[in-house]
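Enquirer: Before I ask anything, let me first share the structure, which is written out below as structure tokens.
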Amino acid sequence: ISVPIGLRLDGNNGSITVNGKGNLITNDSPFAPIQFSERPTGLSVNEGQTLALVGNGIDLNGGVITTNGGNIYLTSIESGSVEIGQSKNELTFSDNNVIQYQDINLDRQSLVDASGEKVGTVFIIGKDINLKDASFVLAQNQGNSSNGSININAFESLQLSGSSSDGEISSRIRSEVLPSGEEKGANINIFANEITFENLGGIQSTTFSENTNGSSGYIHVKTLDSMSLNDGLITTGSLAEGDAGNILITAQEIRASQGSIISSATSSSGVGGNVDIKADLIELNGQIGENGRPTFIGSVTFGQQGADAGNVLINVANLKIINVAEISSDSYSDGSSGN
């Protein structure tokens, strides 16, 4: 069809499965960009174009989906309709007429990757969204574009858990600015009814850029009910000239334990980001997990060139800090700690 108008899903629609050999990630250290043994292409489209999977359930079993600066839509729908439009040379999708969503599962080191010289945009929309077994959603700014973002809407739950078979790689949603990146990294926007991060699973936005404009993207997380971090993390960071992005979290309840971290950190000349949390209840249990860390919310600077840590603002009705957990803003170098 020359002018696509929409897709109607009425109960006879089927699921979509993408199989593959996994993301081939060999190192997910927060101190270096993601490293691959060989960067997989998987299911892909040409530079700047849109790749969309719309079905009644979406499963990636080691599957890889990539665009070079284009858009990726994973939309899982049981009933309703999706409108298809066009903006310049890109397809756009509207799910305003969806009646009921269905699940999205990324297993066995699956990868959704919108990296490129012009970083792309990722939309993942479904009922229960699960990233398991070291699966990744990734956006690397490799050039001079700052318009990309990662957007995840889980109308029931979002869960990140599980690691690779050797235990070295964990499930992550990650935005990076590479050393060659000249502009800001992709922002990360998360909406879910409930959120669970386990086994070092979590969200990271980090800049390695040698350009002062190459700041990491911000992280915005909103959950209508509870967020549970059990050895999980939500972090922004700067290891070079660019600044670390801000973190904004809104939830009814936040429970963190086993060395979980919510923080913004800088270890070079880039300034640390602010951490802003709003909740009815925050419970931090400092029981140290296998990672050897206490549970921590805060900001920190290790920078040798006077970079300051960000501020920490917590607006909460009930706060529980037990078993050596910590809320702080720290300086271990020349820069000042935040407020």
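The values are calculated or read from the model by the stated rules, or taken from the named source; none is laboratory data. Remember, predicted model here, so these are calculated numbers, not experimental data. Cβ sites come from the backbone with ideal geometry, for glycine too, and all protein chains shown count toward neighbours. Just the protein is used for accessible areas: all its heavy atoms, side chains included, with ligands, DNA and RNA removed. Shrake-Rupley method; radii C 1.70, N 1.55, O 1.52, S 1.80 Å.
Enquirer: So what does the Cα-only Debye profile of the range 177-302 read at q = 0.22 Å⁻¹, as log10 I(q)/I(0), no solvent term?
Expert: Log10 I(q)/I(0), no solvent term: -1.16.
Enquirer: Enumerate the amide H contacts of N141 below 5 Å, restricted to partners 5 or more residues apart or on another chain; note that Pro and chain-start residues carry no placed amide H.
Expert: E176, V177, L178, A186
Enquirer: Another question about this same structure. As a quick test, which of the pairs K132/K222; K127/K184; K88/K127; K88/K118 have an alpha carbon distance above 27 angstrom in this structure?
Expert: Cα-Cα > 27 Å for K127/K184; K88/K127; rest within.
Enquirer: Just check the range 96-202 against the gyration tensor rule for me: Cα atoms, a ≥ b ≥ c as the square roots of the eigenvalues, rounded for a/c under 1.5, and otherwise prolate or oblate depending on whether a/b exceeds b/c.
Expert: Details: a/c = 2.36, a/b = 1.25, b/c = 1.89.
Oblate shape, in that a/c is at least 1.5 and b/c is the bigger or equal ratio.
Enquirer: Give me, ordered by chain and number, the residues 5 or more places off T236 or on other chains with an amide H under 5 Å from its own placed amide H.
Expert: S205, S263, S264, A265
Enquirer: If every alpha-carbon in the range 26-185 counts as one equal scatterer, what log10 I(q)/I(0) does Debye give at q = 0.13, 0.17, 0.18, 0.19 1/Å?
Expert: Normalising to I(0) and taking log10 leaves -0.59, -1.01, -1.12, -1.23.
Enquirer: Read phi for every residue in the range 245-251 and hand back ³J(HN,Hα) as whole Hz from Karplus 6.51 cos²θ - 1.76 cosθ + 1.60, θ = phi - 60°, with x for Gly and Pro.
Expert: x, 7, 10, 10, 10, 10, 7
Enquirer: Related question: Can you give me the C-alpha center-to-center distance between the range 149-208 and the range 15-29, rounded to a whole angstrom?
Expert: 14
Enquirer: Mind giving me the FRET efficiency for L24 and Q305? R0 is 45 Å, r the Cβ-Cβ distance, nearest 0.05 is fine.
Expert: Numbers: r = 35 Å, r/R0 = 0.79.
It comes out at approximately 0.80.
Enquirer: Now, a different point. I need the peptides 298-307, 94-103 ranked by packing, meaning the mean over residues of other C-beta atoms within 10 angstrom, with the highest value on top.
Expert: Numbers: 298-307: 20.8, 94-103: 15.4.
Descending packing order for the listed peptides: 298-307, 94-103.
Enquirer: When Rg is the radius of gyration of the Cα atoms in the chain and Rh is its Kirkwood radius, what does Rg/Rh come to?
Expert: Values: Rg = 19.4 Å, Rh = 20.0 Å.
Across the chain, the Cα-based Rg/Rh ratio is 0.97.
Enquirer: Can I ask one more? Tell me the carbon and sulfur percent of the accessible area for the range 267-317, rounded to whole percent, probe radius 1.4 Å.
Expert: On the way: 990 of 2150 Å².
With neighbouring chains kept in place, the figure for the range 267-317 is 46 percent.
Enquirer: Quick one: which residues, 5 or more positions from G181 or on another chain, have an amide H under 5 Å from its amide H? H modelled 1.01 Å from N in the peptide plane, none for Pro or chain starts.
Expert: E210
Enquirer: Follow-up. Using only the alpha carbons of the range 42-107, what is the convex hull's orientation-averaged projected area in square nanometres? Provide the component values of the computation, followed by the final result.
Expert: On the way: hull surface 18.1 nm².
Quarter of the Cα hull surface area: 4.5 nm².
Enquirer: Ignoring ligands, DNA and RNA, what percent of the 1.4 Å accessible area of the range 197-238 is carbon and sulfur?
Expert: Details: 510 of 1230 Å².
Exposed carbon and sulfur together represent 42 percent of the surface.
Enquirer: Just to confirm my numbers, what's the Cα centroid distance between the range 242-302 and the range 53-101 in Å?
Expert: Comparing the Cα centres of the range 242-302 and the range 53-101, I get a distance of 32 Å.
Enquirer: Here is a further query. Under a 1.4 Å probe, what is the accessible area of the chain per residue, stated in Å²? Display every interim value, and only then the final one.
Expert: Working: 13950 Å² over 339 residues.
Per residue, the chain has 41 Å² of solvent-accessible surface.
Enquirer: Which ³J(HN,Hα) values in Hz, rounded to whole numbers, follow from the phi angles of the range 182-187 under the Karplus curve 6.51 cos²θ - 1.76 cosθ + 1.60, where θ = phi - 60° and Gly and Pro get x?
Expert: My calculation for the range 182-187 gives 10, 9, 4, x, 5, 6 Hz in order.
Enquirer: Here is a further query. Antiparallel versus total DSSP beta bridges in the chain: what percent is that, nearest 5? The partial results should precede the final answer.
Expert: Values: 17 of 141 bridges.
Once the DSSP bridges in the chain are tallied, antiparallel ones form about 10 percent.
Enquirer: Ignoring ligands, DNA and RNA, what percent of the accessible area of the range 1-84 is carbon or sulfur (1.4 Å)?
Expert: So the carbon and sulfur contribution to the accessible surface is 47 percent.
Enquirer: Same structure, new question: From the phi angles alone, apply the Karplus equation (6.51, -1.76, 1.60; θ = phi - 60°) to the range 91-99 and give each ³J(HN,Hα) in whole Hz, x where the residue is Gly or Pro.
Expert: Per-residue couplings from phi come out as 7, 10, 10, 10, 10, 5, 9, 7, 8 Hz.
Enquirer: Using the Kirkwood radius over Cα pairs, work out the Stokes-Einstein diffusion coefficient for the range 212-270 at 25 °C and 0.890 mPa s, in µm²/s as a whole number. The partial results should precede the final answer.
Expert: Numbers: Rh = 12.4 Å.
The diffusion coefficient I find is 198 µm²/s.
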